[in-house]
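The values are calculated or read from the model by the stated rules, or taken from the named source; none is laboratory data. Everything quoted here is computed from the prediction, not taken from an experiment. A quick note on method: Cβ atoms are made from the backbone with ideal geometry, for glycine too, and the neighbour counts reach across all protein chains shown. Keep in mind that these areas ignore ligands, DNA and RNA; they rest on the heavy atoms of the full protein, side chains included. Shrake-Rupley method; radii C 1.70, N 1.55, O 1.52, S 1.80 Å.
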Amino acid sequence: MYDKITPPTTGEKITFKNGEPVVPDNPIIPFIRGDGTGIDIWPATEKVLDAAVAKAYNGKRKISWFKVYAGDEACDLYGTYQYLPQDTLTAIKEYGVAIKGPLTTPVGGGIRSLNVALRQIFDLYACVRPCRYYAGTPSPHKNPEKLDVIVYRENTEDIYLGIEWKQGSEIGDRLISILNNELIPATPEHGKKQIPLDAGIGIKPISKSGSQRLVRRAIKHALQLPKAKQQVTLVHKGNIMKYTEGAFRDWGYELATTEFRNETVTERESWILGNKEKNPNISLEENARMIDPGFDALTPEKKAQIVKEVETVLNSIWTSHGDGKWKEKIMVNDRIADSIFQQIQTRPDEYSILATMNLNGDYLSDAAAAIVGGLGMGPGANIGDSCAVFEATHGTAPKHAGLDKINPGSVILSGVMMLEYMGWQEAADLIKKGLGAAIANGEVTYDLARLIEPPVEPLKCSEFAEAIIKHFG
Ligand SMILES: NC(=O)C1=CN([C@@H]2O[C@H](COP(=O)(O)OP(=O)(O)OC[C@H]3O[C@@H](n4cnc5c(N)ncnc54)[C@H](OP(=O)(O)O)[C@@H]3O)[C@@H](O)[C@H]2O)C=CC1
Ligand SMILES: O=C(O)CCC(=O)C(=O)O
Ligand SMILES: [Mg+2]
């Protein structure tokens with residue numbers, strides 16, 4: 001079945017039932033070490049995960065690690081350009097849950113991203129990246145503890161997939177010609193717009209099904225959170241890209257107000273209901289004026305549309321959501337992408353789950369991680385309905401590779417997410433406790449050490465792993 005790798009002789013497969021993993025006590029879990037700093041981070045991560053599982057379950061549970069190859073390491077074993085061998089894909093498919101270090105993607109030419117390829121091949125449509133603060137972590141922000149968000153990023157669509165054509169290529173030029181001469185002129189709203197003849201072209205597909213399955217997962221996650229954090233914010237640039245980013249917002253609201261009608265309230269609905277609660281005799285028009293500050297300047301058609309919206313909301317959900325009942329529901333709101341970058345800095349505690357498209361989520365997850373200590377503290381998971389691959393937010397950080405210096409926190413915390421996904425909460429909690437205590441005690445790698453005042457002597461990558469284990473208690 002495998003060409004160059006052999007699964008462990010002990011252990012069993014994780015299976016899936018209704019999209020949820022069924023985990024034996026001795027699961028076989030494939031791992032990819034990763035390029036660059038993967039060489040430092042993976043051994044540290046494996047050590048911490050094994051120690052936590054051993055301590056939490058006294059030997060009753062154990063992970064059997066299955067080394068599989070991708071990136072530079074794969075080329076060494078399988079030959080030139082064998083960056084993602086079939087063996088690796090077979091193993092991840094067979095065992096269902098995997099964890100990986102970062103993999104290099106060259107800029108400009110060269111191979112397409114192996115990371116993106118894995119997400120696509122296994123339809124890992126939700127990229128989940130929590131950004132929470134561990135006490136004592138130095139941060140450039142005054143109140144980093146106020147940020148506790150989870151970026152829920154669509155992982156299989158968008159311009160991020162790299163469906164694009166090079167400037168001057170035959171197909172690229174043909175596409176530009178068809179667009180300029182046929183499709184754009186046939187679409188009156190585009191007026192006389194033309195694509196420059198010397199442009200490269202990228203395609204940005206955003207589907208209704210892709211958007212809604214991501215938002216569905218985000219809402220289900222919100223249902224598990226404490227009441228105060230039960231909120232999903234749809235992040236988009238829909239003012240500019242109306243039929244892709246704007247549609248993502250609209251499809252998100254549509255899903256929330258149909259499939260999760262009883263569990264959710266939209267921000268606009270909450271205003272309408274709140275206005276009637278404060279003034280039970282408020283007219284539909286007055287209510288409309290209060291939810292839309294520019295109401296009086298609108299055309300009569302637009303005014304009528306908003307009045308109708310108010311009427312529809314009151315008729316359809318006043319009984320189920322009115323009289324303050326909406327305050328117990330999950331709040332679904334939306335924010336324009338550029339504004340959310342400043343909102344998470346200026347009003348961090350107002351946000352919880354941020355549901356995004358692929359590219360926006362890529363940017364936002366790095367930015368949010370920076371607030372709580374940087375990329376060394378940014379874990380992540382790529383989740384589908386029959387497979388999950390855990391990996392940090394950051395990349396290979398090549399300048400630090402092989403120095404036993406880099407912060408393994410992000411991959412270790414990705415391992416914590418994996419343990420939680422497997423239902424091994426006790427082991428996950430031990431690691432969170434150990435990591436929190438190590439940081440609070442000033443036992444940190446260079447990235448955090450340089451921010452602490454007065455400065456502390458940094459630990460090596462491997463020493464930080466040992467400090468975490470020491471603080472399991
Ligand atoms: N999922 C994946 O596998 C990903 C892969 N990549 C790929 O990684 C390669 C390098 O990308 P690059 O843009 O340099 O981004 P990286 O995320 O690899 O690194 C950028 C900088 O972030 C900081 N950083 C990253 N990881 C850590 C860590 N564990 N601990 C502490 N600090 C950290 C370092 O900053 P400083 O030097 O200031 O301390 C580092 O120089 C590219 O080929 C890219 O495509 C990128 C993102 C995700
Ligand atoms: O695949 C890559 O090289 C980059 C991926 C990335 O930045 C991400 O998923 O956050
Ligand atoms: Mg990224």
Within the range 63-100, the residues that are in contact with a Gly (Cβ under 9 Å, 6 or more places away or on another chain) and among the basic types (K, R) are K100
Return yes or no: is G378 within 15 Å of the chain's Cα centre (by Cα), closer than 23 Å to I344 by Cβ and not hydrophobic (A, V, I, L, M, F, W, C)? yes
Taking L451 as the residue in question, decide whether it is modelled with pLDDT under 95, under 27 Å from H141 (Cα atoms) and within 13 Å of ligand 1 (Cβ to nearest atom). yes
Can you name the helices (runs of 4 or more DSSP H) wholly within the range 189-286 that have at least 1 residues being touching a Phe, Trp or Tyr at 6+ places or on another chain (Cβ under 6 Å)? 208-224, 267-278
Condition set of a type in the set (S, T, Y) and more than 16 Å from ligand 2 (Cβ to nearest atom), scope the range 120-136, selection least open to solvent (accessible area, probe 1.4 Å): answer is Y134
Of (1) open to solvent by less than 20 Å² (accessible area, probe 1.4 Å); (2) more than 13 Å from ligand 1 (Cβ to nearest atom), S139 fails just (1)
Top-ranked residue in the range 394-430 [being of a type in the set (D, E) and out of contact with any Ser or Thr (no Cβ under 6 Å at 6 or more places or on another chain); ranked as nearest to ligand 2 (Cβ to nearest atom)]: E420
Residue tally, condition surrounded by 13 or more Cβ atoms within 10 Å (Cβ to Cβ) and within 36 Å of the chain's Cα centre (by Cα), over the range 279-301: 4
In the range 430-443, is there at least one residue being outside any helix (DSSP H, G or I) and touching a Cys at 6+ places or on another chain (Cβ under 8 Å)? no
Restricting to the range 394-425, name every residue that is at positive phi and open to solvent by 40 Å² or more (accessible area, probe 1.4 Å). G402, D404, G423
Could you check, for the range 426-437, whether at least one of its residues is in contact (Cβ under 8 Å) with a residue 12 or more places away in the chain, within 25 Å of E73 (Cβ to Cβ) and hydrophobic (A, V, I, L, M, F, W, C)? no
